[in-house]
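Colleague: Mind having a look at this structure? Questions to follow.
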Amino acid sequence: MNNRITISDLYKNKQKSKIVMLTCYTAPIAKILDNHVDILLVGDSLGMTVYGHNNTLSVTKRMMIDHGKCVVDNSKNALVVIDLPFGSYETDKIRAFDTAAEIISKTNANAVKLEGGKEISETVDFIVSRGIPVMGHLGLMPQKINLKGKFLSVGKNKIEEKKILDDAKSLSEAGVFSFVLEAMKSELAKKITKNFDTISLGIGAGQHCDGQVLVIDDLLGLFGNFTPKFVKKYSDLKSIIDKSVKQFSKDVKDRKFPTKKYSY
Ligand code: KIV
């Protein structure tokens, strides 16, 4: 039986309790996170965190399916959302639906996430009306990195702010059940959260959103390339792993491992 949190559950509880989402890409982490979050996001950030690429543009449908299936198979409580990778949905709504349908049918995940505003609202409407729930993604959109050349916060002037508000309106009307609001002023995220019933999930968007999301590797202190201002590190796994492996290596070289206790 499927006892996962549903989109209706999220809407029912959003006034009472903030929604928690974390990215997740692997089985052992899925098993742990599943006890603590409402939504597991198989984000295309895995191109950077798992595969060590400079950005998310090289992520493929195959990668999203493999990691997505693994996260679904190793969790039982959280709603699972999978990112559509760059280049797999932007050109037209039929291609976008085909990509989303293949990802959902091969992973058994609950929803997909797309980056973009007004320019993808027709696509969102097409996908949602054919049975696949969609999460939007506004503000800093990592798949558009090459337009600016850097990961920069957005909504810094009235024109940008208006564009983001218009984008939120058209995504909401197209039927997204939620949107990620990334790297924008808290006041703008607050306005979006107040204006639309759609669930807002902030990442670097202040405290007024309906919920919060972080990249798990950032939260755990495992991703070392750079740490955005909005990341709070709850752990320093990188140095814990470094210390542990250094000690193992020393023990082997010093012939202190394995001892009798670890031998047959
Ligand atoms: O790919 C991802 O991990 C994301 C989060 C940053 C929200 O989109």
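The values are calculated or read from the model by the stated rules, or taken from the named source; none is laboratory data. Worth saying up front: this structure is predicted, and the values here are computed from it rather than measured. Here Cβ is always computed from backbone atoms with ideal geometry, including for glycine, and neighbour counts include all displayed protein chains. The accessibility values were calculated without ligands, DNA or RNA, using every heavy atom of the protein model including side chains. Shrake-Rupley method; radii C 1.70, N 1.55, O 1.52, S 1.80 Å.
Colleague: Being part of a helix (DSSP H, G or I), small (Gly, Ala, Ser) and surrounded by fewer than 16 Cβ atoms within 10 Å (Cβ to Cβ) is the filter here, so list the residues in segment 58-72 that pass it.
Modeller: none
Colleague: Another one. Which ones in segment 23-52 are within 12 Å of the ligand (Cβ to nearest atom) and either open to solvent by 40 Å² or more (accessible area, probe 1.4 Å) or more than 15 Å from ALA109 (Cβ to Cβ) (or both)?
Modeller: Residues satisfying the conditions are SER45, GLY47, MET48, THR49, VAL50.
Colleague: Does ASN157 fit the bill of being touching a residue at least 24 places away in the same chain (Cβ under 8 Å), of a type outside the set (D, E, K, R), surrounded by fewer than 12 Cβ atoms within 10 Å (Cβ to Cβ) and in the same structural domain as ALA183 (by TED's automatic domain parsing)?
Modeller: For ASN157, the condition - touching a residue at least 24 places away in the same chain (Cβ under 8 Å), of a type outside the set (D, E, K, R), surrounded by fewer than 12 Cβ atoms within 10 Å (Cβ to Cβ) and in the same structural domain as ALA183 (by TED's automatic domain parsing) - is not met.
Colleague: Which ones in segment 149-176 are within 16 Å of the ligand (Cβ to nearest atom) and out of contact with any helix residue (DSSP H, G or I) (no Cβ under 8 Å at 6 or more places or on another chain)?
Modeller: LYS150, LEU152, SER153
Colleague: Please go through segment 99-154 and pick out each residue that is part of a strand (DSSP E or B), touching a strand residue (DSSP E or B) at 6+ places or on another chain (Cβ under 7 Å) and not charged (D, E, K, R).
Modeller: ALA111, VAL112, VAL134, MET135, GLY136, HIS137, LEU138, GLY139, VAL154
Colleague: For segment 163-191, which positions are assigned to a strand (DSSP E or B) and within 22 Å of ILE127 (Cβ to Cβ)?
Modeller: If the condition is that a residue be assigned to a strand (DSSP E or B) and within 22 Å of ILE127 (Cβ to Cβ), then SER178, PHE179, VAL180, LEU181, GLU182 are the ones that fit.
Colleague: Answer yes if at least one residue in segment 220-232 is aliphatic (A, V, I, L, M), within 12 Å of the ligand (Cβ to nearest atom) and open to solvent by 10 Å² or more (accessible area, probe 1.4 Å), and no otherwise.
Modeller: Yes, segment 220-232 contains a residue that is aliphatic (A, V, I, L, M), within 12 Å of the ligand (Cβ to nearest atom) and open to solvent by 10 Å² or more (accessible area, probe 1.4 Å).
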